[in-house]
1. Does any residue of region 81-101 turn out to be assigned to a helix (DSSP H, G or I) and closer than 27 Å to GLU316 by Cα?
2. Does ALA317 satisfy the criteria of being open to solvent by 20 Å² or more (accessible area, probe 1.4 Å) and among the hydrophobic types (A, V, I, L, M, F, W, C)?
3. From the list ARG353, ARG404, ARG415, exactly one residue is on the phi < 0 side of the Ramachandran plot, of a type outside the set (Gly, Ala, Ser), open to solvent by 10 Å² or more (accessible area, probe 1.4 Å) and touching a strand residue (DSSP E or B) at 6+ places or on another chain (Cβ under 8 Å). Which is it?
4. Restricting attention to region 357-402, which residues are within 22 Å of ASN590 (Cβ to Cβ) and in contact with a Leu (Cβ under 8 Å, 6 or more places away or on another chain)?
5. Among what's in region 559-582 and is over 28 Å from the mean Cα position of the chain (by Cα) and either part of a strand (DSSP E or B) or among the charged types (D, E, K, R) (or both), pick the residue that is surrounded by the most Cβ atoms within 10 Å (Cβ to Cβ).
6. Any idea which residue in region 479-511 is most open to solvent (accessible area, probe 1.4 Å), counting only those that are among the basic types (Lys, Arg) and within 14 Å of LYS77 (Cα to Cα)?
7. For region 459-468, indicate whether the set of residues that are assigned to a loop (DSSP other than H, G, I, E, B) and farther than 29 Å from ILE105 by Cα is non-empty.
8. Can you work out which of the residues in region 93-146 that are among the polar types (S, T, N, Q) and under 18 Å from the mean Cα position of the chain (by Cα) is most open to solvent (accessible area, probe 1.4 Å)?
Amino acid sequence: MVKIKGLSLILFTFIIVNTSNGSPEWSKDAIWYQIFPERFRNGDISNDPTIETLNGTWPFEPLEEWQISPWGSDWYKMQKWELKTGKDFYYIAQRRRYGGDIQGIIDKLDYLEDLGVNALYLNPIFESPSLHKYGATLLHHIDNNFGPNPELDLSIWNNENPASPEEWKWTSADKLFLELIKECHSRGMKIIIDGVFNHVGLNFWALNDVRKNGLSSPYANWFTVKKWDDPYTAENEFECEGWSGFMGLPEFKKTNDDYPKDLKSYFHAVVQRWMDPNNDGNPEDGIDGWRLDVAAEVPIKFWKEFRQWVKDINPEAYITGEIWWEDYKNNKLKNAAKWIKGGDVFDGVMNYRFADSCYQYFIQPVNPLNAAEFAKEITKIHNDYGYDVSLGLQNLLNSHDTQRLASMVQNPRHRLDHGANLKSNKNYSVAPLAIEKHSQLDQILAFQFLSPGAPYVYYGDEVGMWGADDPDCRKPMIWDDIIYDPEYELPFAPKRHNGFKVSQDKNRFNFIKKLCSIRKNNPSIRRGNFKILVTDNDNQIFAFTRKYRENECLAVFNSSPQSQKMPSIPYNMHLKIGSLGTTKEKIKANGFALFIK
């Protein structure tokens, strides 16, 4: 413990040791942007989903009437066809489709480049009737409603053998996705996609064969069948084990901590197809890696083999896993060390531990982390995973599975991914972020971009989108060329007297754009060490320096609701960016300051 001008300072020094597990160097320079394809941009209205494309996904009941949802409609407002069902908003939301597609992503690459992101992660894009695509029908074809000619693609599927990679053709949607990859690479952007190797949809091609041929199906050992159909009854009794007990997402069968050999052969062919599409040994025309869904539930033995496939094709590919809750009820997150420390499984993870620690320090009003506790939590992540590995982790603050970051700040008494919607809490605020809370949002974003790890933007956060947990966090993206109805409606209450305007927040965009620029122009922020200088619990001040060669920065955060005296700065540095009103002498309430030498 040392004293500098009356402040209690705790000094943590990190000496970077080369503990690299073979993670690609570019992952340390990444600024991630997550796209939920169905809700990002409708670039081609001719390929929009139809009522027939919804067959085989929850809630399963046949529809007599259905229409594509208007992109700019009031989110909670029920359309005419929706009202006719007699169901509530949370039931009907899973039926909605807005028409987002691959062309829409291509059309907005210049926008993303202007923002400053350089690595894209796409939620599932393979053929599936669901809006989220986590229940695939095929893993070797892009969803035909994401491409330019759905009917043509359907005919191609029907004339190939899905079990024989030699017979796989390239559909119009597949080809357009390859064009997206090419466009990303021409801009210096990386692109990874969601790999769902734990479960599929009810209409998955191999499961259809099992359902039809029973135990004689060559794929019968791919699934855990709980009930077989009785051909002498009108009812179809077929049932197999589903993810988390949900029959709509049948799980692949795990035996001896592995998958069946022939199932792995199919997976291997899928990996090869998307990582080196023309199979010429040059992976430049393929994706740059994988985000692996529910990774903790898949045999780790399989993941090790998967890693070998990926790295054999492209040693610079990035593999990141979704490692999340250990004990959801008690807010305990998994330590992902066994998946990323050792170099034989993943290169990184979606760093939910980072998100939760930031939430507890910067936002949470009840039993928050103090500055010293926050330092301990962040340090523990670095120690658990290795500091060099931590530089390439995806440091997210929200995702498609949580409430929006703006709504976290608006509703600070709700923990990450807990009770954050009107269905479970009628008092949850689904309003845009209050003006007086914007400094808190700025602060947590600044910490995300300045601390060790790769910052991660969920689509729409850069323009101020708000929303409760799923489905509200999956609203259609806000674009300047679309007129949006004000949000008046509520799912369980009379509509509001004054609607909330829906439009892009340009200040938010420019702020995140500035953070992207600062990160790109300062190698200390991407690759530097991490030395915590100040953990002042009384005044809620947290400060650290980062240094890489000749480049050095110092970041100071005041998470208290009052302005505080700036701690002594032991370096000759210039104030680069900070909260409005912050100076070298004073740091604003819920403010931050970045100094660069």
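The values are calculated or read from the model by the stated rules, or taken from the named source; none is laboratory data. Here the structure is a predicted model, which means the values were calculated and not measured. Note: ideal-geometry Cβ built from the backbone for every residue, glycine included; neighbour counts use all protein chains shown. Note: accessible area is taken over every heavy atom of the protein model, side chains too, but ligands, DNA and RNA are not part of it. Shrake-Rupley method; radii C 1.70, N 1.55, O 1.52, S 1.80 Å.
1. The answer is no; no qualifying residue exists.
2. Here the answer is no, as ALA317 does not meet what is asked.
3. Criteria check complete, one pass: ARG353.
4. If the condition is that a residue be within 22 Å of ASN590 (Cβ to Cβ) and in contact with a Leu (Cβ under 8 Å, 6 or more places away or on another chain), then SER357, CYS358, TYR359, GLN360, TYR361, GLU377, LEU397, ASN398, THR402 are the ones that fit.
5. The qualifying residue surrounded by the most Cβ atoms within 10 Å (Cβ to Cβ) is GLN564.
6. Ranking the candidates gives LYS495 first.
7. So far as region 459-468 goes, no, none of its residues is assigned to a loop (DSSP other than H, G, I, E, B) and farther than 29 Å from ILE105 by Cα.
8. It comes out as ASN118.
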